[in-house]
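The values are calculated or read from the model by the stated rules, or taken from the named source; none is laboratory data. Just so it is clear, the structure is predicted and the values come from calculations on it, not from any experiment. Cβ coordinates were reconstructed from backbone atoms using ideal geometry, including for glycine residues, and neighbour counts include every protein chain displayed. These area figures cover heavy atoms from the full protein model, side chains too; ligands, DNA and RNA do not enter into them. Shrake-Rupley method; radii C 1.70, N 1.55, O 1.52, S 1.80 Å.
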Amino acid sequence: MDEKEKENKLEVVEEVVVKDVISVDTTDKKSQAYKQSNTYAAKKTVAQGMMDVALITANANQLRYLIEYQRESPTFFLILSLIIISLLLQVAVGVSLIFKGRFDIKGQSKSRQARKINNYVVVGVFLITIINVFIAAFSISVPVPTTLPLLRNDN
């Protein structure tokens, strides 16, 4: 057998092998559903984190306003303590969201921890909401006196 015949036989064998391979669907429907739910959970965690950042910003602004303009208010210490408690709870919820986002929900032991952290986050967000309602209810907005321009009467 010369070289040309060997090459032709190899090509025929390769062609037969390639034609006989059966196409197999390797995608698992359960793994696709898991990936979709995991993506949803990740997006939800990120959205909760963004809301937490927005609320921290709002509370810091309220704290600044309270300290600058309402020092003499009768509810100053009540609102101050509520804002501080709200800020501390928001930091705790933010840290919990970081830990929650790090858990892989696929494993059973980690899934229980992720659910537990999620429950803490829900309770924390509920408490933050209630506290912020009280902050808004007890805040006194002092009307800023407006000065009208003096009109000169030359008569």
Long-range amide H partners of Ser139 with built H, under 5 Å:
none
Would you kindly state how much longer the chain becomes between Val95 and Met50 on full extension, computed as 0.36 nm times their sequence separation minus their alpha carbon distance, in nm to one decimal?
14.9 nm
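Quick one: length gained pulling Tyr40 to Ala137 fully straight, 0.36 nm per residue minus the C-alpha distance?
Full-extension gain reported as 31.4 nm.
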Between Asn61 and Asn119, the FRET efficiency computed from the C-beta separation at R0 = 25 Å comes out, to the nearest 0.05, as 0.25
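Sort Tyr65, Tyr120 from largest to smallest accessible area, using a 1.4 Å probe on the heavy atoms of the protein chains.
Reading off the accessible areas and sorting them downward yields Tyr120, Tyr65.
In what sequence, largest accessible area first, do Phe77, Phe126 appear using a 1.4 Å probe?
Descending order: Phe77, Phe126.
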